[in-house]
1. Which entries in the list Lys233/Lys380; Lys162/Lys263; Lys263/Lys327; Lys263/Lys380; Lys327/Lys380 go over 23 Å, if you measure between the two C-alpha atoms of each?
2. Quote the FRET efficiency, to the nearest 0.05, computed for Asn330 versus Leu270 with a Förster distance R0 of 25 Å and r equal to the Cβ-Cβ distance.
3. For a quick protection proxy, order the peptides 328-341, 66-79 by their average other-Cβ count within 10 Å, most packed first.
4. Which residue, Leu339, Ile404, Leu352, has the largest displacement toward the positive end of the dipole of the stretch 334-412 when charges sit on each Cβ (Lys, Arg +1; Asp, Glu -1)?
5. Using the crude model of +1 on Lys and Arg Cβ and -1 on Asp and Glu Cβ, and no other charge, please compute the dipole size for the stretch 2-125 relative to its Cα centre, in debye to 20.
6. Starting with the fewest neighbours, write out Lys285, Lys233 ranked by other beta-carbon atoms found within 10 Å of each beta-carbon.
7. How do the peptides 212-222, 387-397, 105-115 rank, highest first, by the average count of neighbouring beta carbon atoms within 10 Å per residue?
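FYI, it's all coordinate maths here, none of it is from the lab. Note that the structure is a prediction, hence the values are computed from the model and not measured. Positions of Cβ are backbone-derived with ideal geometry, glycine not excepted, and every protein chain shown enters the neighbour counts.
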Amino acid sequence: MELLIIKQIGIALLIGIMIGLQREMHSQRKGEFSFAGTRTFALIALLGYLSAWIQSKVAFFLPVSFIIFGLIVLASYITKTTKSKHHGATTEMAAIITYILGAMLFFSLESYVISLAIVMLFLLEIKSNILKIESHITPEDLNSATLFLLMSFVVLPLLPDKMIGPFEIFNPYKTWLMVVLIAGISFIGYVAIKILGNKKGVYLTGIFGGLVSSTAVSITLSKLYALQNRYLKNFAGGIAIASTMMYLRVLLETSFFNLSLTKALAIPYLSATLIGFIFVFFLYKNATQYKIEQIGINKNPLALSEALRLGLLFGLIFGSIAIFEEKFGNSGVYLISFLSGFTDVDAITLSLSQLTHEKITQETAIYGIIIASSVNSIVKLGIVFILGGKRLGLLMGLFYLLTIGALFTGVIFEF
């Protein structure tokens, strides 16, 4: 019992010291007033622990102690705001949470306390990064994200998870779930692009742009290269790495619904990814660094209009696969995959992932996804040739030849 108490007090002091040290260093960097430093935070955590301990002997001691401590923190905040222009309450809130963490330790919640303390330290330390994000995210972006979260976590559970409609080809729940997944992935890339902007090179921009739309990256970089006919390897590298991200997206998307399909596609798609990254590395080592002003991805993937467009696309493809498979068998599935590849790989990938073992075989799904990926790559090559010219087109032709070749070689090896 004594060892447990010593352990809990030790954890309380360590957490208090870590949080206090972070706050003290932050105040010194900013030249701001802080009512609590390393020692004070350690004592606050200890106070929380002792208050919970005494609560077991004296009724209502913990709530009374917490109220008194809260008044002390409030008085400190009022003093700070009257004597300086800094009105932030982060340190005061950190002190209250540290008190609570100390109290939680008495109830043998060590794992929760440690996890919460780590999260707390992370949040306290990323202020500069949060400010950077805030400067790039517009109110429209925030409104779109809020609306989309509402539709995902409030509306989605209410949608029926069954086939409806005159031909029973539309599943509202699965269709919207696919929209949530792909829009969430795209939003990560969208935010990264807005934050990076012109501060990072073409290659890093291509990585995050590939999370949103490798086709959009291909269009933008091809146009930019055509305007100046310089930095060939940089622009080719940006397009190549965005296109390589498509192969990783396919594996990620199938993993949400069908892990066995992901495992079956792993060798072909990881082979294509590896070849793609090797090609990009070769270009990177032999290119002069070039920074672009912007990337051609301006539509927030969480905007309601984009979400509805995705939902309509998924619903059409999902339903079309069922109809064509019934009428034409596997050939119908391959036809839909071929046509889907002209615009998008995500919709057909997610649709086939869910239909496997229900309406189609896994082998049919594999070939359908590979057809869509190959067609989409050829379409992007055509875009590069038309918009970027012969030199860029020939270099990217070599890239697509190698990656598609690796994709089909992986298929032959696997099957």
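1. Lys162/Lys263; Lys263/Lys327; Lys263/Lys380; Lys327/Lys380
2. Step by step, r from the Cβ atoms, then E = 0.50.
3. Details: 328-341: 18.9, 66-79: 14.0.
Going from most to least packed, we get 328-341, 66-79.
4. Ile404
5. Values: 9 positive and 6 negative charges, 72 e Å.
With Lys and Arg at +1 and Asp and Glu at -1, about 340 debye.
6. Lys285, Lys233
7. On the way: 212-222: 24.5, 387-397: 17.4, 105-115: 15.4.
So the order, starting with the most tightly packed, is 212-222, 387-397, 105-115.
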